[in-house]
Amino acid sequence: MPSSEMAQATIFHMLCNSNWGINRLFLSVLILQPTGLYEYKFIGTLRAPPDLLVDICMDLGYIRRQIPQVTEAYETECNGETVTYMKMEFPFFVSSRDCVYVKQRRELDFRGRKIQVVLAKGTSLPQFPERPGFIRVSQCQVKLAVESAGHNRSKVFIYCFVNPGGWIPSWLINLLVKNGIPGFLADLENACLRYQRRT
């Protein structure tokens, strides 16, 4: 599906599954067969304007600061797309991992409503061969749609699926994702608030 059509589909899904009267994040879960892993949808409101929220979300330096396991991350252009490489190193019994993904940002006028959309999806490119000692995370996808809620707030819809591969039990992966994404969003909101206080 072309990126513009995927962005439109993301917005349509957001509008069909949202209750914008809420003031916190709600979680709905869809089980994905046959892996036993979950797809997650987060819908709610954050205390930050859409442009700033998406700017920080797109900032690779912010991601590196927030996730201590990320030891290498950079962006490059491949075939007209921005491709991100990220390496994560873990201690003890968890194997280190890396991933290659394409990330795009769109600002769309959808039925008269200005909506920011970020799409990120794992990819495989010959410019990024697999590294010895690292498990390549190829099954990952994030869709983010953000719309102004007025009064310096944003309506947020997020879809997320990650399969880190290896031998980590599916129940543990589900637990980490379920607990990790709300915390990441809270940190994102706090980063926006700190930025606004400085300006």
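The values are calculated or read from the model by the stated rules, or taken from the named source; none is laboratory data. Keep in mind that this is a model prediction, so the values were computed, not measured. When we count neighbours, we look across all protein chains shown, and the Cβ atoms used for this are built from the backbone with ideal geometry, even at glycine.
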Return the pair list, or none, for Cβ contacts closer than 7 Å from residues in segment 29-48 that are under 14 Å from W171 (Cα atoms) to residues that are among the aliphatic types (A, V, I, L, M) and part of a loop (DSSP other than H, G, I, E, B), at least 6 apart or on different chains.
Y38/L32; E39/L32
Does any residue in segment 84-98 that is closer than 18 Å to A120 by Cα and in contact (Cβ under 8 Å) with a residue 60 or more places away in the chain come within less than 7 Å, Cβ to Cβ, of a residue that is of a type outside the set (D, E, K, R) and crowded, with 16+ Cβ neighbours inside 10 Å six or more places away or on a different chain, and which pairs are these?
R97/M88; R97/I135; R97/V137; R97/P164
Which one of the conditions (1) surrounded by 17 or more Cβ atoms within 10 Å (Cβ to Cβ); (2) without any contact (Cβ under 8 Å) to a residue 40 or more places away in the chain; (3) of a type outside the set (D, E); (4) more than 23 Å from D59 (Cα to Cα) does I135 fail to meet, given that it meets all the rest?
(2)
Elements of type helices (runs of 4 or more DSSP H) contained in segment 1-72, each with 2 or more residues being at pLDDT below 65 and over 25 Å from G166 (Cβ atoms)
3-16
Checking the condition polar (S, T, N, Q) and in contact with a Cys (Cβ under 7 Å, 6 or more places away or on another chain), which residue from Q141, Q127 passes?
Q127
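Residues being touching a helix residue (DSSP H, G or I) at 6+ places or on another chain (Cβ under 6 Å) and either crowded, with 19+ Cβ neighbours inside 10 Å or at pLDDT below 90 (or both): count how many of those fall in segment 138-159.
Start the filter on segment 138-159 by keeping residues that are touching a helix residue (DSSP H, G or I) at 6+ places or on another chain (Cβ under 6 Å), which leaves 143, 145-146, 148, 154, 157.
If we keep only those that are either crowded, with 19+ Cβ neighbours inside 10 Å or at pLDDT below 90 (or both) as well, we get 143, 145-146, 154, 157.
Residues flagged as touching a helix residue (DSSP H, G or I) at 6+ places or on another chain (Cβ under 6 Å) and either crowded, with 19+ Cβ neighbours inside 10 Å or at pLDDT below 90 (or both) within segment 138-159 amount to 5.
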In segment 143-180, which residues are free of Cβ contacts under 8 Å to residues at least 40 places away in the same chain and of a type in the set (S, T, N, Q)?
N179
